[in-house]
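Single-structure report; data block below.
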Protein chains: 2
Amino acid sequence: MAQVDHSKMANAIRALAMDGVEKAKSGHPGLPMGAADVATVLFTQFLKFDAADPKWPDRDRFILSAGHGSMLLYALLYLTGNKEMTLDQLKNFRQLHSKTPGHPENFHTSGVETTTGPLGQGIATSVGFALAERMLAAEYGDVVDHYTYVLCSDGDLMEGVSHEAMALAGHLKLSKLIFLYDDNGISIDGPLTLADSVDQVARFKAHGWNSEHVDGHDQSAIAASIKRAQASDRPSMIACKTTIGFGAPKKAGTSKAHGEPLGAEELAGAKKALGWDYGPFEVPDDVLTAWRNVGKQGASAHADWTKRFEALPDDKRAEFTRRNDHVRPAAMEDAIRQLKKKLVDEPQTVATRKASELALEALVQVVPEMVIGSADLTPSNNTRTKSAIEVKPGDFKGRYIHYGIREMGMAAAMNGIALHGGFIPAGATFMCFTDYARPAMRISALAQIPVIYIMTHDSIGLGEDGPTHQPVEHLAAMRAMPNMRVFRPADTVETAECWQLAMEKTNGPTMLALSRQNLTPVRTTHHDDNLCAAGGYELIAAKGKAAVSIFASGSEVEIAVAAQKQLADKGIATRVVSVPSLELLLEQPEERQKAIIGDAPIKIAVEAAVRFGWDAVIGHDGTFIGMKGFGSSAPAKELYKLFGITAEAVVEAATSKHNAA
Amino acid sequence: MAQVDHSKMANAIRALAMDGVEKAKSGHPGLPMGAADVATVLFTQFLKFDAADPKWPDRDRFILSAGHGSMLLYALLYLTGNKEMTLDQLKNFRQLHSKTPGHPENFHTSGVETTTGPLGQGIATSVGFALAERMLAAEYGDVVDHYTYVLCSDGDLMEGVSHEAMALAGHLKLSKLIFLYDDNGISIDGPLTLADSVDQVARFKAHGWNSEHVDGHDQSAIAASIKRAQASDRPSMIACKTTIGFGAPKKAGTSKAHGEPLGAEELAGAKKALGWDYGPFEVPDDVLTAWRNVGKQGASAHADWTKRFEALPDDKRAEFTRRNDHVRPAAMEDAIRQLKKKLVDEPQTVATRKASELALEALVQVVPEMVIGSADLTPSNNTRTKSAIEVKPGDFKGRYIHYGIREMGMAAAMNGIALHGGFIPAGATFMCFTDYARPAMRISALAQIPVIYIMTHDSIGLGEDGPTHQPVEHLAAMRAMPNMRVFRPADTVETAECWQLAMEKTNGPTMLALSRQNLTPVRTTHHDDNLCAAGGYELIAAKGKAAVSIFASGSEVEIAVAAQKQLADKGIATRVVSVPSLELLLEQPEERQKAIIGDAPIKIAVEAAVRFGWDAVIGHDGTFIGMKGFGSSAPAKELYKLFGITAEAVVEAATSKHNAA
């Protein structure tokens, strides 16, 4: 490696990025060209990785938060010898079925740690990686000991979530987290000075970070700065002053270099200026060999690690592997079954947030990898189990996290914790504030990350806090998100079942929508099977052929049950279908759906939320008893009356349709 | 006023807050009790207002960002003599139909400037207020000259949006914006130190603010600090060290004082400690009189202002009033009509983001109060008109805002700009990033604020940037939000019509979903009427009785049109319904809906997004041609083929159903 000059190695990244974007006729050359020196220093001198095994658990994590600069990462994966990242992949940048999408996708491309592009997500997710590393090290000792490096941009640091991420990492003293900020002073609209004057180094210091400026094209200065960062007892941010599109004769240092191909002439000029006298996608042998050697540098550290790992007791090693592979403990299923039995034997009229706490108490006994937390609503979210120990600054034995009032920061940190491996994160806030967490929740869904969102206070049932805090559209908004499973259980038993399904979903996130108010048990007979698994099931059958089907979820199931009784008393054959997960029901095979939905001529859905989405079950002519707009501030029972979400309203609608038929 | 001691006046706030929460059996006494001294100094010595006219345009704005402390605001409104805020209202705190909901609602309660409670919204909205004040002053001179004061909490400052708000305000040097931070060191989970270690004063300085600490119970220190803030050439943050629940013997200084009634004993103890020897809701005459006099202090400033205002030229005064009242200029309607004619006469195959630019060019000619901007995507969002002048730090002549990469900060600032009065804000980003802006967009909808969201790159049609940037669930998620109007126009003419409808909606926000890719004109005949006004309309009639109805929005309407032609050629009578606004269509009277939807036995919807919501039009058995999951990174045309969103797919579905019938 020593034979090849740093600049030449950096220029290989620049050239591949320029060529990739040029061939794709789309993409972002500016960041890879600007940050190539920083990345080269990091990869050649610091990053602990083994290109032969991109999944080595103790690798340093490198997160390209500025995901638009994806060609930097793809070029590095190719150069260092990741087997899947061939030159053909670089040539197919941003093309159908390539491993090189516009923005990096961990679920799609080997060597990519997380999905980035939506700005701020990478830096906020990295906090979870760094936290998971420390928590896992607290359990497993020296088989877990790595850094988390992040390359981020102005855009990342302008996003609000950057504040939440920095504050959380600074508070917890995540000293092995190191941000390399590509401080190029350019954004899409033009010079950063058009819209920003923040002193980022001072800002990070105020958040408890070690931070400093460095010349992002001076390799020895960068290396010295990274060494200081490694030695710090705080997370570190290094503001690397760079030139966007470094080398491009006309576009360097301007927004023109950011998000479009350089064009043939400018590209040729840049290669000339860089002294890079090679054709498209051509990397001379000596440079490629030097980079490939970098990809092998970590092999001996990897071998040492394997020795340490194999020296662990068998059960500990097996547990590590099980957790790392997102395999759930065998005891989990039975624990839930026992809980369900108990809840049927000793029924409890409690809120489903309390039912969730009961499920958590059972789960934490058998699932040691659970990491639970709340965005400063612990007493309201019922997330803290009796045995919980807090994670504290510099002390990572605990498994309960006070995330602070940082909903998106929490969700992104959970993404990082799960992606790191070793833990199942579950975090809570009020359901209305899924809006705050949504961009990170979308990453959970898109990037197939198994995290669990405990969202309490799920309707007007929260009462006096009023419409600012009452979700009405949030169920629909979350149900519409692909690969986001939404459950809204109706009582303690359904809550246990939904928790089980959440724990078993290892290819994506789950949201549990839980009530603030107490709910009457509706599941009074024990079933070993998980009745919630198809999204909906017949809770009460009609006597004879059903004239009316009532569909309901969560806190409105008890209303449906009460209405069913009144209708049955009137001689109107009525069944009740509990729908803990509308979208899961709609994903069932058509025949199964039809069996559950049934063919009663009168279909009524009851949910204290907007109708949007329910027509798939009840049809355009079905009756929906729910919300038409925002809620109001008053005690919950009065609100249910005010908005007409009552058994009486269901009975009246069913009766009048029945009489008209 | 001088006769009554400051502490006694502050204690009146404390007592009313304690009593209000106690009677409601719910609410937050801690903040009003802690911040009463700060509020008393502000209201008695600084705040320019006239209780007799809460709508006086040049009043100082007071924004309670920590909306959970609503009893502080309600108590102040009552004490200073706001006519609607009677003692009975305080006694009905958090009850049905009262003027005193759990969190303050501007659309519901006189004297409340904006809707707060979701943390961070108040501070971020305040930036818009302060910006609007400066922009309006740049046009109208000394009839606009007021401060914007904000009382905020730790929660506000922990939320990410606080960073976006601070950075924007600091950059623009909004020196008349003053934050009073109720620095009580307590959050719901316990001491703030559980989750936070940010040095807020240093943090604000890094964002270009003037900031300092003060003892929040020392009235003269607070007053001196506010004076320094007023004199600063930057926005100011004063960290007022307070004791939450000040006066409560056991709960003061703990999270117990935050969010629940004190309880009879603690309440009595607090009143005793404060020397407040009065019954529930009792304010002694001298204290009430002193406060009522504070409510009248601004009357002479108000009278002076009226003189200045009346000295303005008639047309300028009329314009000010028109704009302040959110009345749109008379010329607007005709401008849109002329544009529509031109677009039919000279059809353009352009993206609807470009069509939006054409509409903006027409609108800015006749609507001087438009304030347009982008979250650093100006060249992509097509938001900058030819005549646009930028708003710059300390220079507020311009009407184009570089909001920076701060989607929620932009949305909240737009809320403030609109609520201040005098402007119609329109701001842009990629539609996928509505997720980032969503909490502030919800405030727009809930608080009935007329702002316009220009959301471009509205589907997989954006192509290579890939699934991180491709909205698939966002249309559904936004359509589900009450009072948020979503339009997805199909061509230049529909875009002009949707812009008109957006401009005319003065009781809430509108989102325009616009394509990146070019679209074939589908509106080839001019209509004076706005065909988009009912949400959907028959674009192409069937020859004879329709066997097939194809519904589509935006970029998929051209697909529907192409499919219709192929089906008609096969002799299958097919009509096309353009649905620029699904939820507006579903709000039409049932008969009108049925007429538009029609009774063709085969119903097909085409939209490059998820199906969620469309069953209301096509039914469970209808065919949906769209997305089933996340998108992919590739050129747009290939993605449409990959996901089967083509005229051929529509034709095949229609034909196979037709043949089976």
Considering only DSSP beta bridges whose two residues both sit in the stretch B:533-660, what percent are antiparallel, to the nearest 5? 20
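Can you sort A:Arg323, B:Arg317 by solvent-accessible area, 1.4 Å probe, largest first? Intermediate values should be presented prior to the final figure.
Values: A:Arg323 10, B:Arg317 65 Å².
So, going from the largest accessible area down, we get B:Arg317, A:Arg323.
Report, in listed order, any pair from A:Lys48/A:Lys316; A:Lys25/A:Lys48; A:Lys55/A:Lys176; A:Lys341/A:Lys543 with a Cα-Cα distance greater than 30 Å. Intermediate results must be reported in sequence, preceding the final value.
Working: A:Lys48/A:Lys316 24 Å; A:Lys25/A:Lys48 34 Å; A:Lys55/A:Lys176 19 Å; A:Lys341/A:Lys543 27 Å.
Violating the 30 Å limit, Cα to Cα: A:Lys25/A:Lys48.
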Multiplying the sequence separation of A:Ser110 and A:Asp233 by 0.36 nm and subtracting their Cα-Cα distance, what value in nm do you get? 41.1 nm
Each label sits 7 Å from Cα toward the beta-carbon; between A:His620 and A:Arg308 the label points are separated, in nm, by 6.6
Rounded accessible area per residue of chain A, 1.4 Å, Å²: 31
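Given axes a ≥ b ≥ c from the Cα gyration tensor, I'd like to know whether chain B is rounded (a/c under 1.5), prolate (a/b larger than b/c) or oblate.
Numbers: a/c = 2.31, a/b = 1.94, b/c = 1.19.
Because a/c hits 1.5 or more and a/b exceeds b/c, chain B counts as prolate.
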Calculate the dipole size of chain B relative to its Cα centre from +1 charges on Lys and Arg beta carbons and -1 charges on Asp and Glu beta carbons; express the result in debye to the nearest 20. 420
Using Cα pairs closer than 8 Å and at least 6 residues apart in sequence, work out the relative contact order for the stretch A:486-571, in percent. 37
Reachable aspartates and glutamates, given that their alpha-carbon falls under 17 Å from the alpha-carbon of A:Lys340 and they are not under 8 places away in the same chain: A:Glu357, A:Glu361, A:Asp491, A:Glu494, A:Glu497, A:Glu504, A:Asp528, A:Asp529
Compare each residue of the stretch A:585-616 in its chain alone against the assembly with all protein chains, and report those whose accessible area goes down by 40 Å² or more; 1.4 Å probe, heavy atoms. A:Phe612, A:Asp615, A:Ala616
Using a 1.4 Å probe and ignoring any ligands, DNA or RNA, find the accessible area of A:Thr524 and quote it in Å² to the nearest 10. 100
What is the antiparallel percent of DSSP beta bridges lying wholly in the stretch B:6-303, to the nearest 5? 10
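What dipole magnitude, in Debye to the nearest 20, does the protein assembly as shown give about its Cα centre under +1 on Lys/Arg Cβ and -1 on Asp/Glu Cβ? Walk me through the intermediate numbers first.
On the way: 136 positive and 158 negative charges, 114 e Å.
I would put it at about 540 debye.
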Looks like the stretch B:331-513, by Cα gyration tensor root eigenvalues a ≥ b ≥ c and the a/c under 1.5 rounded cutoff (else prolate when a/b is bigger than b/c, oblate otherwise), is rounded
Sum of side-chain charges, A:Gly619 neighbourhood, beta-carbon under 10 Å (Lys, Arg +1; Asp, Glu -1): -3
So for the stretch B:6-303, averaging the separation of alpha carbon pairs under 8 Å that are six or more residues apart and normalising by length, what relative contact order in percent results? 26
Per DSSP, loop GluC sites (Glu not before Pro) in the stretch A:565-661 with at most 16 further Cβ within 10 Å: A:Glu587
Summing -39500 (n - 2.57) over the DSSP H runs of n ≥ 4 in chain A and dividing by its residue number, what mean residue ellipticity at 222 nm do you reach, to the nearest 500 deg cm²/dmol? -13000 deg cm²/dmol
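Within the accessible area of the stretch A:533-660, what % is carbon and sulfur when the probe is 1.4 Å and the other protein chains stay in place?
Answer for the stretch A:533-660 is 54 percent, counting heavy atoms of protein chains only.
Just the number, please: percent antiparallel of the DSSP beta bridges in the protein assembly as shown, rounded to the nearest 5. Numbers along the way, then the final one.
Numbers: 16 of 129 bridges.
Percent antiparallel among DSSP bridges in the protein assembly as shown is about 10.
Please average, across the residues of B:476-486, the number of beta carbons from any other chain that are within 10 Å of each residue's own beta carbon, and give a whole number. Write down the numbers at each step before the final one.
On the way: counts 7, 12, 3, 6, 14, 9, 10, 2, 1, 0, 0.
Averaged over the peptide's residues, the number is 6.
Quick one: compute the contact order of chain A, relative version, from alpha carbon pairs under 8 angstrom and 6+ residues apart, as a percent. Intermediate results must be reported in sequence, preceding the final value.
Working: 1461 pairs, mean separation 79.3, N = 661.
The normalised contact order for chain A reaches 12 percent.
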Which residues belonging to the stretch B:131-159 lose at least 30 Å² of 1.4 Å-probe accessible area when the assembly is complete, relative to their chain isolated? B:Met158, B:Glu159
Using a basic spin-label model with each label point 7 Å from the Cα along Cα→Cβ, how many nm lie between B:Thr349 and A:Asp215? 5.3
Output the pairs from B:Lys342/B:Lys386; B:Lys594/B:Lys641; A:Lys23/A:Lys251; A:Lys594/B:Lys657 with a Cα-Cα distance over 21 Å in this structure; if there are none, say none. B:Lys594/B:Lys641
Name the residues of the stretch B:433-453, by number, that are at least 10 Å² less accessible with every protein chain in place than in the isolated chain; the surface is that of heavy atoms, probe 1.4 Å, without ligands or nucleic acids. B:Phe433, B:Asp435, B:Tyr436, B:Arg438, B:Pro439, B:Arg442, B:Leu446
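For the protein assembly as shown, what class follows from the C-alpha gyration tensor (a ≥ b ≥ c being the square roots of its eigenvalues): rounded when a/c is under 1.5, otherwise prolate if a/b is larger than b/c, else oblate?
Numbers: a/c = 1.18, a/b = 1.08, b/c = 1.09.
Rounded shape, in that the Cα axes give a/c under 1.5.
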Buried accessible area for the B:A pair, summed, 1.4 Å probe, in Å² rounded to 100? 8300
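Could you compute the net charge surrounding B:Glu558? Neighbours are other residues with a C-beta less than 14 Å from the C-beta of B:Glu558; K and R count +1, D and E count -1.
Details: positive: B:Arg488, B:Arg523, B:Lys565, B:Lys637; negative: B:Asp491, B:Glu494, B:Glu556, B:Glu607, B:Glu648.
So the environment of B:Glu558 carries a net charge of -1.
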Scoring only Lys, Arg, Asp and Glu (+1, +1, -1, -1) among other residues with Cβ under 11 Å from the Cβ of A:His658 yields +1
Excluding ligands, DNA and RNA, the carbon-plus-sulfur percentage of the accessible area of the stretch B:136-219 with a 1.4 Å probe reads 49
Would you check the accessible area of A:Lys91, probe 1.4 Å, heavy atoms only, in square angstrom rounded to 10? 70
Say each of B:Thr321 and B:Ile389 gets a label point 7 Å from the Cα, pointing the same way as Cα to Cβ; how far apart are those two points in nm? 2.7
Please report how far the C-alpha centroid of the stretch B:378-408 lies from that of the stretch A:1-51, rounded to the nearest whole angstrom. 34
How big is the accessible area of A:Arg328 in square angstrom, nearest 10, if you roll a 1.4 angstrom probe over the protein chains? 40
Compare A:Thr525, A:Thr429 by solvent-accessible area with a 1.4 Å probe and give them largest first, with all protein chains kept in place. A:Thr525, A:Thr429
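The values are calculated or read from the model by the stated rules, or taken from the named source; none is laboratory data. Source: prediction; values computed, not measured. With ideal geometry, Cβ positions are generated from the backbone for all residues, glycine too; neighbour counts draw on all protein chains shown. Just so you know, the surface numbers come from the protein's heavy atoms only, side chains and all, with ligands and any DNA or RNA stripped out. Shrake-Rupley method; radii C 1.70, N 1.55, O 1.52, S 1.80 Å.
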